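See below for the structure under consideration.
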Amino acid sequence: MNTKDNLNTLFSNAESTAERFWEISLITLGSIAWNQEQIENFLRKCLDQKKLARDQSTRLMEEMFNQAKKNQQQIQCMIQDSVVGAFGKLDIPTLSYYDELAKKIDELSKKVANL
């Protein structure tokens, strides 16, 4: 083999190597772009799930708060009915009786003051 053949072989191998390197570079860049797209999709899904979980948690807390408030009102009414029933049977004056009495006294005081 002479020098010319060696140079032709060398350039042919160099060209083949450059083509393969280029192909590998394109495949690598494509893989990087695909990986970036997959990561972005994954993060977007995570953010969407986080938002959904936050919304569901907020809704659940509101429902629990409303139910607790409703339960409190029911218990308060039950206690009030029980107390009114118990005092009604004992024939003891209630707070509303004293309020009415205080209003009557105020009215009479005004009438006396006007005399």
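Here are the numbers for this structure:
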item	result
Net charge over other residues, Cβ less than 13 angstrom from the Cβ of A53 (K, R count +1; D, E count -1)	+3
Segment N41-Y97, extension gain: residue separation times 0.36 nm, minus the distance between their alpha carbons	13.1 nm
Helix-derived mean residue ellipticity, 222 nm - over the chain, DSSP H n ≥ 4, -39500 (n - 2.57), to 500	-35500 deg cm²/dmol
The range 21-115 shape via C-alpha gyration tensor axes, a/c threshold 1.5	oblate
Alpha-carbon radius of gyration plus Dmax, which is the widest Cα pair, for the range 30-80 in Å	21.9, 74
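Every read-out reported here was derived from the displayed coordinates using simple, explicitly stated rules and does not represent laboratory data. Keep in mind that this is a model prediction, so the values were computed, not measured. Please note: Cβ atoms are built from the backbone with ideal geometry, for glycine as well, and neighbour counts cover all protein chains shown.
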